[in-house]
Amino acid sequence: MWRHPSARKSQPGNPMNGLALPASPKGRHRYATPSEAAMLLAVLPRADQAVWGTALYAGLRRGELMGLRTTDVDVATGVIRVEQAYDARSKRIIPPKSYAGRRKVPIAGLLRDPLVDVRARASERGLELVFGREAACRSPTTDSSIAPSGSGASTASSRSASTNAATPSRR
């Protein structure tokens, strides 16, 4: 803002010039050990273990988890393909922001069974997304909802569904 010409006209100078900022903390970030991760997952309800386990062991971000399709989870080869993500701001499924965002992630051995279960449940229900709620997700190529239209939901419940769009649900 202060570099913009209109800001310079109304202010005599940039108040941030010469400001000494504190140094960022040195050292590495702390990660959960395998035993800590197992304990964290063990206390969760069974329905939540797959989504949190995928976040923890596969390193998928929230939007990537919410945009993960059943076809992206290949348990036969032990790979999760990250090819899209859910953007909460636009309430749409979007492609990754960079080339590095599109990637293949190995499925950890102890994550395989929960992923098989949750993928099977999604397939049985005819859902395309593994963890997301499809009613409020929109495709990047179309403006139509993934879920069938004409559900007859009220405006308030539609707003509520879009607010909580694609968040992992407790079943």
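What tally of residues in region 21-41 results from selecting those that are part of a helix (DSSP H, G or I) and aliphatic (A, V, I, L, M)?
5
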Item to check | Residue list for region 89-106, restricted to those being surrounded by 11 or more Cβ atoms within 10 Å (Cβ to Cβ) and small (Gly, Ala, Ser) | outcome: GLY101
Next on the checklist: Can you pull out every residue in region 79-106 that is part of a loop (DSSP other than H, G, I, E, B) and farther than 15 Å from ARG69 by Cα?
Outcome noted: ALA88, ARG89, SER90, LYS91, LYS97, SER98
Item to check | GLY67 vs. criteria crowded, with 16+ Cβ neighbours inside 10 Å, at pLDDT 75 or above and under 15 Å from the mean Cα position of the chain (by Cα) | outcome: yes
Next on the checklist: Just to be sure before I move on: is LEU44 surrounded by 10 or more Cβ atoms within 10 Å (Cβ to Cβ), in a loop (DSSP other than H, G, I, E, B) and at pLDDT 90 or above in the structure I sent?
Outcome noted: yes
Item to check | Selection within region 51-84 - touching a strand residue (DSSP E or B) at 6+ places or on another chain (Cβ under 6 Å) and hydrophobic (A, V, I, L, M, F, W, C) | outcome: ALA58, MET66, VAL73, VAL79, ILE80, VAL82
Item to check | Any pair with Cβ under 8 angstrom, 6 or more apart, that starts in region 20-47 at a residue that is free of Cβ contacts under 8 Å to residues at least 24 places away in the same chain and closer than 17 Å to ALA108 by Cα and ends at one that is among the hydrophobic types (A, V, I, L, M, F, W, C) and part of a helix (DSSP H, G or I) | outcome: ALA37/LEU56; LEU40/TRP52; LEU40/LEU56; LEU41/TRP52; LEU41/LEU56
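The values are calculated or read from the model by the stated rules, or taken from the named source; none is laboratory data. Since we're looking at a predicted model, the values are computed, not measured. Methodologically, a virtual Cβ is constructed for each residue, glycine included, from the backbone with ideal geometry; neighbour enumeration extends over all protein chains shown.
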